[in-house]
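Colleague: Take this structure first; my questions come after.
The values are calculated or read from the model by the stated rules, or taken from the named source; none is laboratory data. Given the structure is predicted, the values throughout are model-derived calculations rather than measurements. So basically every Cβ, Gly included, is an ideal-geometry build from the backbone, and we count neighbours across all protein chains shown. Ligands, DNA and RNA are stripped out before the accessible areas are found, and what is left, the full protein with its side chains, is counted by its heavy atoms. Shrake-Rupley method; radii C 1.70, N 1.55, O 1.52, S 1.80 Å.
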Amino acid sequence: YAIVDIETEEELFSSFDLIDFLNEFLQIYIGNKNNIKINFEFERKPCIIYANKEKLAQVFNNLIINSFSLCPQNSKILIKQQILKDNVVVYFVDQGTGIEENVKDKIFDRFYTDRILEKDQHSGLGLSISKKIIESFSGSIQLSNIKFQQYLGACFEINLPLKD
């Protein structure tokens, strides 16, 4: 199949509260088949950003699906929001085995996947697309080595500018 470049259409951008968005978005994952619990911790409201909601949902969905496929059943995912100066930072960290330091930069490359057994189910495009989407919001996404209590798996750090 042909790969379509991701164009995040500016006219589909809007200002919205990231906390409200995530609280609503995460509802669909309650009672998932892997029995993975998602804990959402946030600092304060409001947390207004300017982005395309559909595309932002695609990024979070991709991170959640990746965690679901790599984490043990009955584990947890932490989504933690903090405000730092003019940005909101969202940490997305699971209880999987994490990502090796030597592939830290490769994971955002198009078609990169280190999942041998499930290659047919994982195109290696998810993180590459997620990075393009976040960058279209003037933000950034990277693998972080920050650890939170019992969450010692992969930690993604998403930075997005706050709307004035």
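Colleague: Please sort 81-93, 25-37 by packing, taking for each peptide the average over its residues of neighbouring beta carbons within 10 angstrom, highest first.
Modeller: Order by mean packing, descending: 81-93, 25-37.
Colleague: Still on this structure, please answer the following. Suppose R0 equals 22 Å. What FRET efficiency, 1/(1 + (r/R0)^6) with r the Cβ-Cβ distance, do I65 and K147 give to the nearest 0.05?
Modeller: That pair, I65 with K147, gives E of 0.50.
Colleague: With label points built 7 Å along Cα→Cβ from the Cα atoms of Y50 and K33, find their separation and express it in nm.
Modeller: My value for the distance between the label points is 4.2 nm.
Colleague: Quick one: length gained pulling D109 to S138 fully straight, 0.36 nm per residue minus the C-alpha distance?
Modeller: Stretched out fully, the D109 to S138 stretch lengthens by 8.5 nm.
Colleague: Round to a whole number: what % of the accessible area of the stretch 10-99 belongs to carbon and sulfur, probe 1.4 Å?
Modeller: 49
Colleague: Can you give me the accessible area per residue for the stretch 19-164, using a 1.4 Å probe, in Å²?
Modeller: Each residue of the stretch 19-164 exposes 55 Å² on average to a 1.4 Å probe.
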